[in-house]
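Please treat every number below as a calculation from the coordinates, not as lab data. As the structure is a computational prediction, the values presented were derived from the model and not from experiment. Note that each Cβ is placed from the backbone with ideal geometry, even for glycine, and that neighbours are counted across all protein chains shown.
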Amino acid sequence: MQLSSKLPKTPSRAVNGCRLSKPLSLRTITRNESKRMLLTNAVKEGPGEDGSTDYAAVAASLNALLAKSNKPSISGRDLRDLVLQKWGRSYDVRLCKLQGRMYLQVMWKFLEQRSFPLTENEYMQQLDAVAEYLNEWGVADTVRQGIIQARKPPGYTGGGNARCISIPLAVDIGGGRSAEWQ
């Protein structure tokens, strides 16, 4: 990467209103330097006592990142499409904690209903929020399978009762944020 001849060799001593004690020198970072920086930043503890890099730790760190990115994910749009394809209506989808377990519930009210309390935009925001949690927890496939395998649709059962589809999620809800689900 070449610097333009119009740029000064050193930046101004004031950057965004902050005064610098020394001018910063600009230089090109080589490809090997960027690889070395990536590997160094991937290891949290730094080099060993003898100055060598623990490449096993670097590999484990990078593999953990790859494994996290390879998990199947789901979007709010995917949730809507799954529900619409299965039952022909855009049913409301919620997360619920019951007796210490997390469930995804497909509720009996649907977007096409006149009395549905959300606009289409609010409905999509709701689904996006639910999908974000599902992706964080790594249970997108469980939800897909649960919706596909559901036998009865959600809806009113008569006598003022309604049925929702509850899909149990294998999620550890203990910890610092568990109070969100009470």
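Would you be so kind as to identify which of Leu118, Gly159, Val130 lies farthest towards the positive end of the dipole of the stretch 76-181, taking Lys and Arg as +1 and Asp and Glu as -1 on Cβ and the Cα centre as origin?
Gly159
Convert each backbone phi in the stretch 80-96 into a coupling constant with the Karplus relation 6.51 cos²θ - 1.76 cosθ + 1.60 (shift: θ = phi - 60°), then list the ³J(HN,Hα) values in order as whole Hz, x for Gly and Pro.
4, 5, 4, 5, 5, 5, 6, 10, x, 9, 8, 5, 5, 10, 9, 9, 9
With labels modelled as points extended 7 Å from the Cα through the Cβ direction, what inter-label distance (nm, one decimal) is found for Ala150 paired with Thr119?
2.6
Gln99 versus Glu112, label points 7 Å from Cα toward the beta carbon: distance in nm?
3.4
Pull out the extension gain between Gln126 and Leu84, defined as 0.36 nm times the separation in residues minus the alpha carbon to alpha carbon distance; nm, one decimal.
So the chain would gain 13.6 nm between Gln126 and Leu84.
Semi-axes of the stretch 76-181's equivalent ellipsoid from the Cα gyration tensor, sqrt of 5 times each eigenvalue, largest first, rounded to whole Å?
In descending order, the three semi-axes are 22, 16, 14 Å.
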